[in-house]
Each structure stands twice: as structure tokens, then as C-alpha cells.
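The values are calculated or read from the model by the stated rules, or taken from the named source; none is laboratory data. Owing to the predicted nature of the structure, the values given are computational and were not obtained by experimental measurement. Cβ sites come from the backbone with ideal geometry, for glycine too, and all protein chains shown count toward neighbours. All accessible areas refer to the heavy atoms of the entire protein, side chains included, with ligands and DNA or RNA removed. Shrake-Rupley method; radii C 1.70, N 1.55, O 1.52, S 1.80 Å.
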Amino acid sequence: MSTTLATINLRNTDVGEGLPLVFVHGFPLSRGVWKKQIDALQPSYRVIAPDLRGLGESETLPGPTTMEHYAADLHALFQKLTTGPVVLIGHSMGGYVALAFARQFPEMLSGLVLVGTKAGADSAHAAAGRRATADKVKIEGVRVVIDAMAPKMLAADNQDARLAELVLGFMSPSKPEGVIGALLGMAERPDATESLVDITVPTLVITGAEDILIPPAESEKLAKAIPLAQLSVIPHAGHLVSFEQPDAFNFVMKNWLIKSDLASPVEIN
Ligand code: MLT
């Protein structure tokens, strides 16, 4: 469905009933990456998965898109969909957004799942690299980013050409302005490390054991710093762990939801 907010029109999936689980994709991806989670969880939960602004099928606005912009979009979406507090699941850049959301709207969180992500800001070198890439996208289009990112999404030894093709499909609808906005926004995102201690909701940190984009050590740091966090390292998975190993990922998440008393009543059956 398409939801028109005060500032922007976001495309989102909204299915099932019960406790709202909101899945936020990474960069330069789109909500299709969560299909296996949506299918597995929608019999027991309300599952919402937006395309972030400028990515997937959502509209874009010019200028840098900060993590706070994305978080405010999510907040406006939740108001519009009258969700009440949600369990927010953020992958990679979606995790940066989830951490910004936790700082800005703690009252709207009932749980947090941080997937293949980290709290630290970009180094000056990395930020400069993102700005240079944004300049390239202006001239050469989103292909520059897709070609660089797609091969790093799955474990290096994963030879499944069908999965690699699907990954390309999740990236290809992204618009140049949206990709540029995200790159500039990530380059200026603040270090969220100090605010981790203020996260008081049950938190699950998940990483692919073979993630080369955001190595598992970053997830270990998150899990140590967040008071109620549990860490799960999933074998045979790279950066896009929920897509590459959906059964293992869903198993971990379902158990955590039940253990943390976040399950909808129907889920217990
Ligand atoms: C992502 O998957 O969202 C990106 O790897 C995040 C980043 O570039 O920092």
C-alpha cells in the first residue's frame, strides 16, 4: 500500500494483526528483502515494512536524508497507521535509523532488533568516500552504488546465483536522489554509542558470522552496551543475514519475541 504523510508518500507492506513488528531495510535496498520474515510472522503479528524515502518505491525529496529524517518518517507512518508502540527491526542503515528512532521516540518502542549494524559514526575518510560516491551517482546513476554493494551482501562463498539476482532486484528501484540523500545522510550521522545505555526495551542483536561490510565485532559491541540485549551470530551468512539464512533468522527472532514477553497471544500456540 501507499501511505501519504505530511511531507512524503511512502510505500509499505502492512499485513497481519497483533503486536506490530516494523522491518526497516538497509542501503540501497528496499522492503522486498524482508519477504521471508513477513511470510513467517504475519500469521501471528502485524508486520509492517516500509520503503525508506528515496529507496524502493517510495517518493524522494532532495537534499541529505539524515537518520533523523528517516526516523521522523517512520514516526509519522506509525501515527497514520495508528500502530502504538512497535518492535523495530533495523538492518544496517535501517539499524542507524532504528537507533535514531530510539533516541527521538523512545515511548514508541516496545522492542528493538539490530541486524548487521553498528553505533559508531563514519570516520572522516569513510564520510569523504560517501560524498565522493554521491558525486559519482549524480553523473553515472545508481549503478555505481549497486555494483559496489551487491557483491558484498551475501557470504563470500555463497554461489547461489538466484539469491544474487534477487539482491540486485531489491536495489534496482532506488532513485539517484534517494541514494545520494542516504549517502550524505549517513556521512553526517552522529555516533550513537553513548545513547545505547538509554535503550531500556528488550533488544536482540543479530549478525551474519561472515559479514564483511559490518563485521560481527560491531554487533558484539552493541550487545555489550545495550542493557537488555541478547546477541545471536548466524553461521553461513553475510551482511544480508535475514535474507540469506531466513529460517535461522526467523527462529531466533520468534524465540526472542516469546522469551522477552513480546509475543502476540496467538504466537504462543
Ligand atoms: C547498508 O547495508 O545499509 C550499508 O552497508 C550501511 C553503510 O553503508 O554503512
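Could you tell me which residue of segment 133-146 is least open to solvent (accessible area, probe 1.4 Å), considering only residues that are part of a helix (DSSP H, G or I) and more than 14 Å from the ligand (Cβ to nearest atom)? I'd like the intermediate steps shown before the answer.
First, pick out the residues of segment 133-146 that are part of a helix (DSSP H, G or I): 133-140, 143-146.
When the remaining residues are screened for being more than 14 Å from the ligand (Cβ to nearest atom), the result is 135-136, 138-140, 143.
Working: D135: 80, K136: 101, K138: 137, I139: 145, E140: 114, R143: 118 Å².
Filtering first and then ranking leaves D135.
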Residue set T60, T65, T82; condition part of a loop (DSSP other than H, G, I, E, B), more than 24 Å from I206 (Cβ to Cβ) and within 16 Å of the ligand (Cβ to nearest atom); output residue T65
Residues (without any contact (Cβ under 8 Å) to a residue 40 or more places away in the chain, farther than 14 Å from L183 by Cβ and assigned to a helix (DSSP H, G or I)) located in segment 147-166
D147, A150, P151, A161, R162, A164, E165
From P202, P227, grab the single residue that is open to solvent by 70 Å² or more (accessible area, probe 1.4 Å) and either modelled with pLDDT of 95 or more or more than 16 Å from the ligand (Cβ to nearest atom) (or both).
P227
Go through segment 88-118 and report how many residues are within 15 Å of the ligand (Cβ to nearest atom) and open to solvent by 10 Å² or more (accessible area, probe 1.4 Å).
3
Among the residues of segment 9-31, how many are in contact (Cβ under 8 Å) with a residue 60 or more places away in the chain and within 14 Å of the ligand (Cβ to nearest atom)?
8
Candidate set: segment 57-76, residues that are within 24 Å of Q37 (Cβ to Cβ) and in contact with a strand residue (DSSP E or B) (Cβ under 6 Å, 6 or more places away or on another chain); chosen: the one most open to solvent (accessible area, probe 1.4 Å)
E57
